[in-house]
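The values are calculated or read from the model by the stated rules, or taken from the named source; none is laboratory data. Since this is a predicted model, take the numbers as computed values, not measurements. Positions of Cβ are backbone-derived with ideal geometry, glycine not excepted, and every protein chain shown enters the neighbour counts. Calculation scope for accessible area: heavy atoms of the full protein, side chains included, ligands and nucleic acids excluded. Shrake-Rupley method; radii C 1.70, N 1.55, O 1.52, S 1.80 Å.
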Amino acid sequence: MRIDGQLIAGIEGRSKYLGEYVASHIKGKQAAAFWADRLLRLPTAAARELISGVDLLYLYSNGIDAAADNAKTEASLPDAVASELDTLVGIVKKFATQLNRTHILITADHGFLYQNEKPAEAHMLAAENPAYGYKDRRYLMSDDTPGAHFFTPSSSVTNMDSSSSLHFAEGLYRIRKQGGGTRFVHGGLSLQEVTVPLIRVRVGRKDDVETVGVAIMVPANTVITTPVYTVNFFQEEPVSEKRHPLQVSVFFAAEDGTLLSDRIEMSFDSADPNAQNRGSSAEFHFGPQVNSYNGKLIRLVLEKRIGGTSVPYTKVDFTYQTFGERDF
């Protein structure tokens, strides 16, 4: 492997390059690379001593590649993936609870394709070993143009300043090559191969960093008799370093889950220390479907926004009661 033209070999090479790069770009900061599984097995005291003074740690784990790149063990890939996930969870827990690190990024160098059965002969492509270039299971760098079932992007796409071109096997095709397995491959252009995850873990104590609380100001009479209804809310604490804003989605729904009103997005982000200034309201408009629930219990639902996901926050019961049908 080369980085910026330098040949980087093993975990020692990664550690040396990373340490020099960080020291030259961020004064006074140190970085080093370690095997993830070896650090995970260390007792807490030994792990703390090992990483003492290191500001940026690069943890490398290759459990998936080690199993899948070998023809004798590639069938064990599902177990290798499960084991790798356990390693990642263990690393996060160790750093969060024992080693006092709070910012963790998890990513991969590539995705892959895998099939449990050996690929059919019809899906194996023949290609000569290039005199100057490289051949792998999913791509070929060569001066020559291969046959069918190859895709060759233009040089403006690959940004290669060379007479050689990159040729990628289409679909699930593999390039025939000596050694290694054929069920597990990578290096092609499928989404599974080129899309890699980036997971950001921010460690914080639950009792230390929380979102602000929000209360629904429930009136004495919880019977709704009009097609438009206003609800008042109160943000219980001001936003601060340890009290973060809260984003919620608010709506009325029937007990069976049917949506009865518009859905309103609200952000409770006031930093005003004066409690009287942290109140807010929202006006809800009921749709015609609410007529089916006349005289029945309905609910005002608050769902908390976490990233792109909504989770239940709180709810309050009301009764919808009108006399006669209404036109909308």
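Which whole-number value in Å² is the accessible area per residue of the range 1-101, probe 1.4 Å?
Ligands and nucleic acids excluded, the result is 62 Å² per residue.
May I ask you to compute the full-extension gain from residue 42 to residue 299, defined as 0.36 nm times their residue separation minus their alpha-carbon distance, rounded to one decimal in nm?
Difference between extended and current length: 87.3 nm.
Counting only pairs 8 or more places apart or on different chains, how many lysine pairs in the chain have C-alpha atoms closer than 20 Å?
Qualifying lysine pairs in the chain: 13.
Using only the Cα atoms of the range 1-156, build the gyration tensor, take square roots of its eigenvalues as a ≥ b ≥ c, and label the shape rounded, prolate or oblate: rounded if a/c is under 1.5, else prolate if a/b is larger than b/c, else oblate.
oblate
Mind checking the angle between helix 77-97 and the chain's longest principal axis? C-alpha axes, 0 to 90 degrees, to the nearest 10.
That works out to roughly 60 degrees.
State the dimensionless ratio Rg/Rh of the range 270-310 (Rg: radius of gyration of Cα atoms; Rh: Kirkwood radius).
1.13
Any idea how far apart residue 3 and residue 244 come out in nm if each label point goes 7 Å out from Cα toward Cβ?
In this crude spin-label approximation the distance works out to 2.9 nm.
Quote to one decimal, in nm, the extra length available between residue 291 and residue 220 on full extension: 0.36 nm per residue of separation minus the C-alpha distance between them.
Fully extending the segment from residue 291 to residue 220 adds 23.2 nm.
Say a paramagnetic label sat at a point 7 Å from the Cα of residue 121, along Cα to Cβ; which residues of the range 168-188 have their backbone N under 19 Å from it?
Flagged as within label range: 173-179, 182-183.
Report, to the nearest 10°, how far helix 10-25 tilts away from the longest principal axis of the Cα atoms in the chain, using its own Cα long axis and a range of 0 to 90°.
60 degrees
Return the distance in nm (one decimal) between the two label points of a simple spin-label model at residue 272 and residue 311, each offset 7 Å from Cα along Cα→Cβ.
3.0 nm
Give me the number: length gained by fully extending residue 134 to residue 321, i.e. 0.36 nm times residue separation minus the C-alpha to C-alpha distance, one decimal in nm.
Additional length available on full extension: 59.8 nm.
Out of residues 5 or more away from residue 58 or on other chains, whose amide H comes under 5 Å of its own, with H placed 1.01 Å from N in the peptide plane?
Amide H to amide H, under 5 Å and 5 or more residues apart or across chains, residue 58 pairs with 32, 33, 34.
Sort 172-184, 268-280 by packing, meaning the average of other beta carbons within 10 Å per residue, with the highest value first.
Highest mean packing first, the order is 172-184, 268-280.
With the Cα gyration tensor of the range 246-321 giving a ≥ b ≥ c as the square roots of its eigenvalues, does the rule (a/c under 1.5 for rounded; else a/b larger than b/c for prolate; else oblate) give rounded, prolate or oblate?
Since a/c reaches 1.5 and a/b is larger than b/c, the shape of the range 246-321 is classed as prolate.
Near the amide H of residue 187, under 5 Å away, which other amide H atoms are found, from residues 5 or more places off or on another chain, if H is placed in the peptide plane?
Close amide H contacts, sequence-distant or interchain: none at all.
Rounded, prolate or oblate: which one fits the range 182-328, using the alpha carbon gyration tensor with axes a ≥ b ≥ c (rounded when a/c is under 1.5, else prolate when a/b beats b/c, else oblate)?
Judged from the Cα gyration tensor, the range 182-328 comes out oblate (a/c at least 1.5, b/c at or above a/b).
Which GluC sites (Glu not before Pro) from the range 101-139 combine a DSSP loop assignment with at most 13 other Cβ atoms within 10 Å?
Passing sites in the range 101-139 are 117, 128.
Apply the Karplus curve 6.51 cos²θ - 1.76 cosθ + 1.60, θ = phi - 60°, to the phi angles in the range 104-119 and return the couplings in whole Hz, x for Gly and Pro.
Couplings: 10, 10, 10, 8, 9, 8, 6, x, 7, 10, 8, 9, 6, 9, 4, x Hz.
Taking the Cα atoms of the chain, report the difference between the largest and smallest coordinate on each principal axis, in whole Å and largest first.
86, 53, 39
Considering only protein heavy atoms and a probe of 1.4 Å, how much of the accessible area of the chain is carbon and sulfur, as a whole percent?
Looking at the chain in its full context, I get 52 percent from C and S.
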